[in-house]
Structure formats: C-alpha cells, structure tokens
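Colleague: Mind having a look at this structure? Questions to follow.
The values are calculated or read from the model by the stated rules, or taken from the named source; none is laboratory data. Everything numeric here is computed off the predicted structure, so don't read it as measured data. Reconstructed Cβ throughout: ideal geometry from the backbone, glycine too, with neighbour counts over all protein chains shown.
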Amino acid sequence: MASQDGEDQRLQKIASAIRVIPNFPKPGIMFQDITTLLLDPTAFKDTIDLFVERYRSKDISVVAGIEARGFIFGPPIALAIGAKFVPMRKPNKLPGEVISEEYSLEYGTDKMEMHVGAVRAGERALIIDDLIATGGTLCAAIRLLERVGVEVVECACVIELPELKGRDRLGDRPLFVLVEG
Amino acid sequence: MFARENGLHGDPRLRGISEAIRVVPDFPKPGIMFQDITTLLLDRKAFKDSVDIFVDRYRDMNISVVAGVEARGFMFGPPIALAIGAKFVPLRKPKKLPGEVISENYVLEYGTDCLEMHVGAVQPGERALVIDDLVATGGTLSAAINLLERVGADVVECACVIGLPKIKEERRLNGKPLYILVEPRE
C-alpha cells in the first residue's frame, strides 16, 4: 500500500540517521546516538510526523518528556497535537513543589520529579523518550503520572533495545517505537 | 533586542507569554527570583506563540543551525529548527555527548562550568541561531557562541524567551545581537 511504503521509507531514513557509538558510556555498550538524526531536518521532521500522525486523534492533553533527550522530541509533538508539555526531571532541577519517584539503576537508584499541579486527574498522557532500554525510567514516569490520577495512553520512543526487555517491564502499558537498536 | 522594540510593540502575544511564566522565590538559593518557564509549556497558546514569534523572525534569515543549550534550550530549539528547516544541535554539559566533542569552559558566580558540542555537527560558514530559555549574565551564551565560532559558523543571533535587566544595557553579547521576548517578572 502506498501509505505503508511511504512509512517504511521514512523509517528506513530515520534508522540510518542514527549513529552507533561503541563503548559509551562504558565498555560493551553500543550507544544509540540520536544527535545525527537531529542534523537531518527531513528525518527529524519525519520522526515527529510519525508520532503526531499516531497521537493527534487520541485526545491526549499531556506530553511528558523525560530529561534530557525526551525534551527534544516531546515539545514538537505537543505543539502539533495541541497538548501541554511536562518535563520529567532529575532531582533538584524543577523549581516549584514536586512529587518524586525513585527507581533502580544497574548500581544504586535515581529519582525522577514532576511539578505538582502540572497535570490533573483524568488527563490522558503520552510519555516520550528517545530510547527504551530496561524500561526503568519509563516505569518511573508512568508511576508519577498515575499517582496523580492521569491515564497513560502510551509510551513512545524513537528506539527500542529489545534484548533489554523494557517492553516486558512496562507490562500491560502500551509501547510504541519507530526503530530497533 | 527586546521583541517589543523590534516591531512587536503592543503585540498581545507577548503579554500572554509573560503572564504564563511563574516566578519561584529563593530558588535555587535565597534571594533569587527564579523565572520558571514550565508553566509557559503548560499554556498551549502561549508556548505556540513564543515559538511562532521566533519562527517568524528567523525563517527568512537563511539559518541552517539552531543550537540549543541544555536543558531548557532543548524545549524551544527543536520546534524552531523544524519550522525553519534547520538542523538542531544540542549544546550539552560535559560527558553527555557520546561522540568526539569540542569543549568550552565558562565562568560561573562560583567556579567554572563547561559546554560541549559534537565535532562535525556544524560546518564552516553555516549560519547559526543560539537558543536558551533565559539570559542572565550571558556566560553560557558566550560559551555557546565561542563553540560555534571555533568551528567557523556565523552566529547570526542569540534568542531567549527571558532576558535579565543586566543584559538589556549591553544589547549585544560578544558582538552578537540578542533577541529577547520578555523581561523577568517580579
């Protein structure tokens, strides 16, 4: 189908615009670098368009973006679908009153924060980040939003690393990704 | 350099943008009235207006690079870049960018910090816009300008949503024009 071919072409272009950097941040990790995607205006636009096409008629009023690369993809999507953008941040960055959610890392824990009052109970939200690995960060974001009564419609990422089983960690929460790493 | 002095005098959008910004006293430390743009991002019309004003200004200036300063520059830069057909280049704190980088140190009130850009992101001769949410002393923006100029880019302007009064007197930064939407609120 024409639309299928068009979409496949866009996805191919997006996949090939992503640069892999070996051994970053530490040996053995093949880092998926989306900065090269951002240098290709057509591929970057296609990325946003694919998300916007999927979410524009889903009555989503909140796009929550995870610091920092979620801040790059989230706002253009939010603007296009008429939603507000809510940054989910590392500790002590947000100036106002926050709620926090702790989550595990490979070694130790980290915390994610959201401003009190940014979202209201009953709102429908999309969570966006550049990549899903183990799913720990996305799970923290889901918990933050659900704690204040928001319905998380879907998590959306540009890239999935399937072998890290983040999709399983999300359980029954829908996950939409464009390409696999 | 303030939008209202640059043909946008009386533009009702500027008032909406200003009123959407929340002031948080004593953050990150006592005495600072922090200009919080997260409330602007919650106001769909005001956020869209702020992006539209920048896009209208820059769309015909032949700009091929929008460089956004981590992290709040990441929220305004990409929508502008997408609308004017430019690439988006993130300028980041140390050790975040995975590839080969160039670094620029700059002075803080106490101590120094560092801004990095990927090697190869920008070509010599490209026309660039630097974007951040707020300019205070101009230290971070100066570092950004230096990074871009070191690789031979032509920094056309620095754009910020909010500009502190200190900067207003100077009108330019490192010789580069500054374009600012609103002043800080009390």
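Colleague: Just one of the numbered conditions (1) assigned to a helix (DSSP H, G or I); (2) closer than 30 Å to A:Phe31 by Cβ; (3) under 16 Å from the mean Cα position of the chain (by Cα) is not true of B:Glu149; which one?
Modeller: Condition not satisfied by B:Glu149: (3).
Colleague: Would you list the helices (runs of 4 or more DSSP H) that sit entirely within the range B:1-92 and hold 1 or more residues that are within 13 Å of another protein chain (Cβ to nearest Cβ) and more than 29 Å from A:Ala17 (Cβ to Cβ)?
Modeller: Here the list reads B:12-20, B:38-41, B:44-58.
Colleague: From the set of residues in the range B:127-186 that are more than 25 Å from B:Pro12 (Cα to Cα) and of a type in the set (Asp, Glu), which is surrounded by the fewest Cβ atoms within 10 Å (Cβ to Cβ)?
Modeller: Among them, the one singled out is B:Glu170.
Colleague: Restricting the range A:83-131 to residues that are small (Gly, Ala, Ser) and over 22 Å from A:Glu154 (Cβ atoms), which is surrounded by the most Cβ atoms within 10 Å (Cβ to Cβ)?
Modeller: Once the filter is applied, the top-ranked residue is A:Gly96.
Colleague: Ok, one more. Do you know which residues across the range A:48-63 are touching a residue at least 60 places away in the same chain (Cβ under 8 Å) and within 11 Å of chain B (Cβ to nearest Cβ)? Reasoning before the result, please.
Modeller: Initial filter on the range A:48-63 (touching a residue at least 60 places away in the same chain (Cβ under 8 Å)): A:50-51, A:54-55, A:58-63.
Those that are touching a residue at least 60 places away in the same chain (Cβ under 8 Å) and within 11 Å of chain B (Cβ to nearest Cβ): A:Ser61, A:Val62, A:Val63.
Colleague: Any chance you could count how many residues in the range A:64-77 are more than 8 Å from every other protein chain (Cβ to nearest Cβ) and either within 15 Å of B:Lys45 (Cα to Cα) or among the acidic types (Asp, Glu) (or both)?
Modeller: Of the residues in that region, 1 qualify.
Colleague: Now for a different question. Please count how many residues of the range B:93-111 are within 8 Å of chain A (Cβ to nearest Cβ) and either free of Cβ contacts under 8 Å to residues at least 24 places away in the same chain or within 17 Å of the chain's Cα centre (by Cα) (or both).
Modeller: Applying the first criterion (within 8 Å of chain A (Cβ to nearest Cβ)) to the range B:93-111 yields B:95-99.
Narrowing the set further to residues that are either free of Cβ contacts under 8 Å to residues at least 24 places away in the same chain or within 17 Å of the chain's Cα centre (by Cα) (or both) leaves B:95, B:97-99.
Residues meeting the conditions: 4.
Colleague: Residues being more than 27 Å from B:Asp49 (Cβ to Cβ) and among the charged types (D, E, K, R): count how many of those fall in the range B:122-168.
Modeller: Qualifying residue count for the region: 4.
Colleague: In this structure, is A:Tyr103 without any contact (Cβ under 8 Å) to a residue 24 or more places away in the chain and more than 13 Å from every other protein chain (Cβ to nearest Cβ)? Working first, answer last.
Modeller: Details: without any contact (Cβ under 8 Å) to a residue 24 or more places away in the chain: no; more than 13 Å from every other protein chain (Cβ to nearest Cβ): yes.
Judged against the criteria, A:Tyr103 is not a match.
Colleague: I've got another one for you. Of the residues that sit in the range A:24-39 and are more than 7 Å from every other protein chain (Cβ to nearest Cβ), surrounded by 13 or more Cβ atoms within 10 Å (Cβ to Cβ) and more than 18 Å from A:Ala156 (Cα to Cα), which one is modelled with the lowest pLDDT?
Modeller: That would be A:Ile29.
Colleague: Which members of the range A:107-161 meet the condition of being part of a helix (DSSP H, G or I) and either within 13 Å of chain B (Cβ to nearest Cβ) or among the polar types (S, T, N, Q) (or both)?
Modeller: Result: A:Thr137, single match.
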